[in-house]
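**Q** Here it is, the structure in full.
The values are calculated or read from the model by the stated rules, or taken from the named source; none is laboratory data. This one's a predicted model, so the numbers in the text were calculated from it and none came from an experiment. Positions of Cβ are generated from backbone atoms using ideal geometry, with glycine treated the same way; all protein chains shown enter the neighbour counts.
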Amino acid sequence: MKCGVVTFPGSNCNHDMIYALSKILNQKVVELWHKDHDTQNCELIILPGGFSYGDYLRSGAIARFSPIMKEVVHHANNGGLVLGICNGFQILCEAGLLPGTLLHNNNQKFICKNTFLKPASLKAPICQNLHSNESYKIPIAHGEGRYFASENVIKSLFNNDQVLFQYCDIQGNINQDENPNGSLNNIAGVSNKNQNVMGMMPHPERAVDPLLGNTDGVPLFNSLLNLIAV
Amino acid sequence: MSNKQTNNTATLDQALELGLKKEEFTEICEILGRIPNFTEVSIYSVMWSEHCSYKNSIHWLKKLPKDGPHMLVKAGEENAGLVDIGDGLACAFKIESHNHPSALEPYQGAATGVGGINRDIFTMGARPIAQMNSLRFGKYENPRTKWLLKGVVKGIGNYGNSFGIPVLSGEVFFDESYDQNPLVNAFSAGLMNVDDLISATASGPGNPVFIVGSSTGKDGIHGAAFASKDITEDSMDDLPAVQVGDPFQEKLLLEASLELAKTDAVVGMQDMGAAGITCSTSEMSAAGNVGMKIDLDKVPTRQSDMKDWEILLSESQERMLVVVEKGKESEVKKIFDKWDLNCELIGEVTNGDTLEFFQNGQCVASVPPSSLVLGGGAPVYQREYKEPAYFKKYKEFNINKISIPENLVEVGRFLFNQPNIASKRWVYEQYDSMVGTNNVSTNNPSDAGVALVKGTYKGIAMSVDCNSRYVHADPEMGTAIAVSEAARNIVVSGGVPSAITNCLNFGNPYHPESYWQFVGAIKGMSKACEKFSTPVTGGNVSFYNQSIVSGKEVPVFPTPTIGMIGLLEDVRNIMSLNFKSENDHIFLVGKIVNDISSSEYLVKYHEVLESPAPYFDIDEEFELHQNIKNFIDKKLINAAHDCADGGLFVSLVEMAMSSNLGCEIKTVNEIRKDSFLFGESQGRVIVTVSSDQLDSFKNEIKTNGINSLYLGKVSKESHINIDSTNYGMVEDFKEISNNVINL
């Protein structure tokens, strides 16, 4: 199960992701550098959170042009697994690998807190082993996380099983009170049509270490990693 | 001034305009044996400014205890103190102010404060793992306060979130004494292998000197001198003295610096903060008893035609000075190339006590570095101090003259409507508190923030504290209370206090009554730090925190902010503050006294501003800490929370709010009920005990003769029930508390 974690200049969740995968989930992890032209035969490529290139223009807008992204697109087009978390999700949207876009939170502020997620997709790799009637406590930390797409796109996302997660309350109820950033339909993560490219704003790597008192992220990774084992 | 020729000799008027005193100018002439030129006077003016030289505080700072069994680097030796935490690891930590820049430009002022303090940590070779901040603003209702609060919080958030270090804890306090002059104190702690320590010392004549990181621009020129002036209506003219931050550059600089620390190519490194190239070259040279030759033409600049003194004094952020071992230049270059950062050779280390700067082949300044620095030739003054009249007057306060309100239920709700008591959620949710995946307190709310030391079970507990109202009422006792509260927060969370860093925010040192507050604070801090075995590892002093309002000088409340760290041997034993289960027994540990002095209740509800510091006994406080530690070690309690601002009532509601359970308690007759619920006497902690442990707990109390009181039980119904009266539902308190600070 070879996982590659990309470091862009300004990535700041790369170490957390590597720690979660290698120390907690016992996976083989290689570090991929933004200037690399090779993904070293990784089966899963992860774009971690952070502020790639400072994100002064628009989140993810510059990172999509970095050399490694050519390889990531190539990997994705060949059906390889790609997961983008937070800034990684923004980059995947900018790169056109995922539909929609991420706007400034509707309160125009950065928000960091625990949120609850309900898995929406039945078949996407990151969801397939989850319980669709349970809520998972996964934290968010972003300023631009309001998922937006045209009405038609949103409709097709639901029709094609492309919505991965929706923000909900602890009981799993999806309502506006629990929508932290104004995302359409409380959408917290989506996949492409083939479901091999996935992006989400919440940080599952922040919810795997038992010493931190929250391991709700473990089933998400297990769901994703089991698939690689098959 | 910019038209002056730099090779011309400077005039006394120029020196005075730059903030030097007449006798200091004379002294400089004597040191040099000639009249300095303008550039040289500029160098002395920043190096001898309060900000860099500590000339008005060092006499007293030296009296603070700085020895401890775990100290690897003591106060003043390096950029930050360093504490041994075992397993070959050490924790570097420090707090610093960025008050004056934040008063003018809150966003950049606060952002660069965060940048500066983190550079102090990673320049030593430590990776920052946690941040805290301590903020003071004027009256919350003022539009200016809201503008400052918004800007400061956004500045801290945007810089820290992008840089990627979690904010674990903090405090926000409002009082009108900060109306014009907010306080922004930023703390950072980092971890390193003891062997990776990089010293801020230059050595080895012939070794090359590099500048790395951002280019040098015209921002922040004379920032150090500006920080050593009163804030006045004319301060906006100093706006160019405020620096501009770039967290992205800082993040790259962090990664490159830590890669550099792993090599053996570095002789010494220092970040460029106040007084930029001037300060870093002179301090590194003086520390190593060497000199330097620096070619200013080699410094990458943002603008062309920058004057020599502009390059020397620029406080452009995200820069470091690195002395490299000769022959290993390419190793260093390679690392900075990887991170796309500037890395320019600008000079070399020389023999002797001479620091020379060149531009266009001309020597533009030549000064002995030892004469510039603290501990060397920088002036040291002993200022006059005088007890202000208010001190005795406050002590005349008589609690019996304050009537007990008939409706205490209303008082409870009133307190949660006060910005000082209400939830600071609006503030802390704008900070990334979980990046780094080491924050143990996110899911185990505790009085101190606790950061996991990854790869071990250890945790670093940390807290920033200072109730400046107490310090104003009684500087010596108030500061001892600040140290005690920080220690209490760490102990209550399951840690053992290790050491402190301080940020001493005071008024004008030339004002004897302000200076009396400073001296008192030092005395109180010394006493408390000795009692808790927490040496002072460093920090900073910020004088001149005051405003001139219609011709009258108003100093801020004296605010000696304490940043304390402690060690948890095993984070699995963290003690959290939330109620755990219905029917758990609630006890108050510590002494109960009739006291409402300086409480939020007395000041806001009764509008009585003149009272002494609350009840405090340092020996009782120390004993309390030992008792709480003992309860935690023996696993006798399942929650603990100290009584602080707002008193016992507020602490109980906070324990309930983070659990969704309620409580039913009884007060005692011998104490005024308002004092029992809302008084802020020190040395008290609320603990809860499960029914299984009740006998053992009671036994422990009895055997050791511990001062304690049975309060009542945790209830399933989420209300706060006191003496059979419902003081409100927990949900309602949350609703009130979360919406007071909401901009």
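**Q** Output yes when any residue across segment B:138-145 is surrounded by 22 or more Cβ atoms within 10 Å (Cβ to Cβ) and more than 14 Å from chain A (Cβ to nearest Cβ), and no when none is.
**A** Taking every residue of segment B:138-145 in turn, at least one turns out to be surrounded by 22 or more Cβ atoms within 10 Å (Cβ to Cβ) and more than 14 Å from chain A (Cβ to nearest Cβ).
**Q** I want to confirm something. Restricting to segment B:180-192 and keeping residues that are out of contact with any Leu (no Cβ under 8 Å at 6 or more places or on another chain) and under 22 Å from residue B:100 (Cβ atoms), which single residue is nearest to the other protein chains (Cβ to nearest Cβ)?
**A** Out of the qualifying residues, it is B:188.
**Q** Only one of these is within 14 Å of chain A (Cβ to nearest Cβ), assigned to a loop (DSSP other than H, G, I, E, B) and either modelled with pLDDT of 95 or more or out of contact with any Pro (no Cβ under 8 Å at 6 or more places or on another chain) (or both): B:198, B:156, B:165. Name it.
**A** B:165
**Q** Only one residue in B:507, B:459, B:436 is away from chain A (no Cβ under 14 Å) and not aromatic (Phe, Trp, Tyr), so which one is that?
**A** One residue alone meets the criteria, B:507.
**Q** Can you pull out the residues in segment B:369-382 that are crowded, with 19+ Cβ neighbours inside 10 Å and of a type outside the set (Val, Ile, Thr)?
**A** Result: B:369, B:370, B:371, B:372, B:374, B:377, B:378.
**Q** From (1) aliphatic (A, V, I, L, M); (2) crowded, with 23+ Cβ neighbours inside 10 Å; (3) more than 30 Å from the chain's Cα centre (by Cα), pick out the condition that doesn't hold for residue B:729.
**A** Result: residue B:729 passes all but (2).
**Q** Looking at segment A:5-24, can you tell me whether even one residue there is among the charged types (D, E, K, R), away from chain B (no Cβ under 14 Å) and either touching a residue at least 24 places away in the same chain (Cβ under 8 Å) or touching a helix residue (DSSP H, G or I) at 6+ places or on another chain (Cβ under 7 Å) (or both)?
**A** No, segment A:5-24 contains no residue that is among the charged types (D, E, K, R), away from chain B (no Cβ under 14 Å) and either touching a residue at least 24 places away in the same chain (Cβ under 8 Å) or touching a helix residue (DSSP H, G or I) at 6+ places or on another chain (Cβ under 7 Å) (or both).
**Q** Same structure again: Can residue B:738 be described as among the polar types (S, T, N, Q), in contact (Cβ under 8 Å) with a residue 12 or more places away in the chain and surrounded by fewer than 18 Cβ atoms within 10 Å (Cβ to Cβ)?
**A** yes
**Q** Identify all residues within segment A:162-178 that are in a loop (DSSP other than H, G, I, E, B), in contact with a Cys (Cβ under 9 Å, 6 or more places away or on another chain) and of a type outside the set (A, V, I, L, M); write none if there are none.
**A** A:175
**Q** Could you please find all residues in segment A:35-64 being in contact with a strand residue (DSSP E or B) (Cβ under 9 Å, 6 or more places away or on another chain), more than 21 Å from residue B:436 (Cβ to Cβ) and assigned to a loop (DSSP other than H, G, I, E, B)?
**A** A:36, A:38, A:39, A:40, A:41, A:42, A:43, A:60, listed by residue number.
**Q** Can you pull out every residue in segment B:481-511 that is at pLDDT 95 or above and aromatic (Phe, Trp, Tyr)?
**A** Matches in segment B:481-511: B:506 only.
**Q** Does residue B:293 fit the bill of being more than 34 Å from the chain's Cα centre (by Cα), within 30 Å of residue B:162 (Cα to Cα) and buried (at least 16 other Cβ atoms within 10 Å of the Cβ)?
**A** no
**Q** Scan segment B:681-700 residue by residue and report those that are buried (at least 19 other Cβ atoms within 10 Å of the Cβ) and either without any contact (Cβ under 8 Å) to a residue 40 or more places away in the chain or within 24 Å of residue B:735 (Cα to Cα) (or both).
**A** B:686
**Q** Looking at (1) in a helix (DSSP H, G or I); (2) at pLDDT below 85, which is the only condition residue B:221 fails?
**A** Condition not satisfied by residue B:221: (1).
**Q** Please find, within segment A:7-34, the residue that is farthest from the chain's Cα centre (by Cα) out of those that are closer than 17 Å to residue B:435 by Cβ and of a type in the set (A, V, I, L, M, F, W, C).
**A** The extreme case among them is A:24.
**Q** Please state which of the following conditions residue B:426 fails to meet, knowing it meets all the rest: (1) within 14 Å of another protein chain (Cβ to nearest Cβ); (2) outside any helix (DSSP H, G or I).
**A** If we test residue B:426 against (1) within 14 Å of another protein chain (Cβ to nearest Cβ); (2) outside any helix (DSSP H, G or I), just (2) comes out false.
**Q** Let me ask you something else. From the set of residues in segment A:192-209 that are assigned to a strand (DSSP E or B) and closer than 17 Å to residue A:43 by Cα, which is farthest from the other protein chains (Cβ to nearest Cβ)?
**A** A:197
**Q** Then there's this: For segment B:549-583, how many residues are surrounded by fewer than 16 Cβ atoms within 10 Å (Cβ to Cβ) and among the polar types (S, T, N, Q)?
**A** Adding up the residues that qualify gives 4.
**Q** Sticking with this structure for a sec: Quick one: is residue A:207 over 12 Å from the mean Cα position of the chain (by Cα) and modelled with pLDDT of 95 or more?
**A** yes
**Q** Right, something else. Out of B:342, B:351, B:360, B:400, report the one residue that is without any contact (Cβ under 8 Å) to a residue 12 or more places away in the chain and either aromatic (Phe, Trp, Tyr) or surrounded by fewer than 20 Cβ atoms within 10 Å (Cβ to Cβ) (or both).
**A** When all the criteria are applied, what remains is B:400.
**Q** For residue A:138, indicate whether it is surrounded by 15 or more Cβ atoms within 10 Å (Cβ to Cβ) and within 14 Å of chain B (Cβ to nearest Cβ).
**A** yes
**Q** Another question about this same structure. Under the condition of being in a loop (DSSP other than H, G, I, E, B) and in contact with a Gly (Cβ under 9 Å, 6 or more places away or on another chain), which residue from segment B:327-359 is nearest to residue B:122 (Cα to Cα)?
**A** Result: B:341.
**Q** With the requirement that a residue be within 18 Å of the chain's Cα centre (by Cα) and over 14 Å from residue B:94 (Cβ atoms), what does segment B:125-141 give you?
**A** Of everything in segment B:125-141, those that are within 18 Å of the chain's Cα centre (by Cα) and over 14 Å from residue B:94 (Cβ atoms) turn out to be B:135, B:136, B:137.
**Q** If you take the residues of segment A:100-135 that are in a loop (DSSP other than H, G, I, E, B), closer than 21 Å to residue A:83 by Cβ and among the charged types (D, E, K, R), which of them is farthest from the other protein chains (Cβ to nearest Cβ)?
**A** A:123
**Q** Further question on the same structure: Take segment B:440-456 and flag every residue that is more than 7 Å from chain A (Cβ to nearest Cβ) and either within 20 Å of the chain's Cα centre (by Cα) or surrounded by 24 or more Cβ atoms within 10 Å (Cβ to Cβ) (or both).
**A** Across segment B:440-456, the qualifying residues are B:441, B:446, B:447, B:448, B:449, B:450, B:451.
**Q** Between residues in segment B:620-634 that are touching a residue at least 12 places away in the same chain (Cβ under 8 Å) and residues that are among the hydroxyl-bearing types (Ser, Thr, Tyr) and surrounded by fewer than 17 Cβ atoms within 10 Å (Cβ to Cβ), which pairs lie under 9 Å by C-beta distance while being six or more apart or on different chains?
**A** B:634/B:696
**Q** Could you list, in sequence order, all residues of segment A:25-46 that are of a type in the set (Lys, Arg) and either buried (at least 19 other Cβ atoms within 10 Å of the Cβ) or within 11 Å of chain B (Cβ to nearest Cβ) (or both)?
**A** Result: A:35, single match.
**Q** All but one of (1) aliphatic (A, V, I, L, M); (2) closer than 29 Å to residue B:190 by Cα; (3) part of a loop (DSSP other than H, G, I, E, B) hold for residue B:20, so report the exception by its number.
**A** (2)
**Q** Which of (1) part of a loop (DSSP other than H, G, I, E, B); (2) surrounded by 20 or more Cβ atoms within 10 Å (Cβ to Cβ); (3) away from chain A (no Cβ under 14 Å) does residue B:177 not meet, given it meets every other one?
**A** It fails just one condition, (1).
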